[in-house]
Amino acid sequence: MKSIIFSKYVLILFISIQLWFVYISSQYPVIGVNVEQDAMGSWVVSSIAQRNVALQAGLQIGDVIERVNDGDPNQFASIMKWRTIDQAKDVHITRNDIPLLISFQVDRNFSDFDVLALTVSAIALVGSLLLLKNKQNSPSAKYLSLILLDMEGVFMALGASIRGDAMGKIMIFLLVMLVPILFLHFFVVFLKEKQDYLLPISFLKRMYTMIILGIILLSQLVYFVPTPITYPIFRFNLMFCITSVALIFSESS
């Protein structure tokens, strides 16, 4: 009975997070701008992703950010947290000492990329549910369904993550770290189920420990509240994610 109640709460939480990601993707365009501070302490556009709103709006590398949404860029959440300009309506810039207003408002925030990500996510979810329904007695099928469910979460969180959403970034980090671990666990269970060949699983325990450490690191409220330490923590967590995935592959080889 308790497991059924727990499963219902997990399902409600899962659906709520997914709906939140869809909401973020529909409310804000993908701006795709990274900024850095120059020697004078001003925020300067350092890079612009291709095929995003910033390029269409006319923003250029080297533009000096004077105002974001008519506010101080030093107080703008995504600049403080990620060194990006996300979820902004417009920016006041200076280019060659000429002040300009760049607007990021577009007719449709939900892009073709979002449609593709949502489609892949739906396919992964359907595949996961079909495996659980048709292969209930297969342990390896359950792990394969978890892999598909994990991938579904990655693609669902992608749109929110590239729009500067804290929950989206946390989910991307954790789910990407889980993919190789779940795949290796599936491989171990599959060999035991089909070939009666048992691989050592001690390395899997170490990998899941990495995920637990990742959850501890990434679940900090500082991700949701812009502070001077948010960006250093974000960079550290990014390196932790990359290093953990590398260690997972080295352990399995």
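The values are calculated or read from the model by the stated rules, or taken from the named source; none is laboratory data. Just so we're clear, the structure is a prediction, and the values are computed from it rather than from any experiment. Note that each Cβ is placed from the backbone with ideal geometry, even for glycine, and that neighbours are counted across all protein chains shown.
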Any idea which of (1) surrounded by 12 or more Cβ atoms within 10 Å (Cβ to Cβ); (2) of a type in the set (D, E, K, R); (3) farther than 30 Å from Ile229 by Cβ is the one Arg108 doesn't satisfy?
(1)
What residue, of Ser121, Ser78, is under 23 Å from Arg235 (Cα atoms), of a type in the set (Gly, Ala, Ser), under 17 Å from the mean Cα position of the chain (by Cα) and surrounded by 18 or more Cβ atoms within 10 Å (Cβ to Cβ)?
Ser78
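Does any residue of region 194-205 turn out to be at pLDDT 80 or above, assigned to a helix (DSSP H, G or I) and exposed (fewer than 13 other Cβ atoms within 10 Å of the Cβ)?
Initial filter on region 194-205 (at pLDDT 80 or above): none.
Checked against the condition, which is being at pLDDT 80 or above, assigned to a helix (DSSP H, G or I) and exposed (fewer than 13 other Cβ atoms within 10 Å of the Cβ), region 194-205 yields no hits at all.
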Within region 143-187, the residues that are surrounded by fewer than 19 Cβ atoms within 10 Å (Cβ to Cβ) and free of Cβ contacts under 8 Å to residues at least 24 places away in the same chain are Phe187
Taking region 57-75, which residues are under 17 Å from Asp38 (Cβ atoms) and surrounded by 15 or more Cβ atoms within 10 Å (Cβ to Cβ)?
Leu59, Asp63, Val64, Ile65, Glu66, Arg67, Val68, Pro73
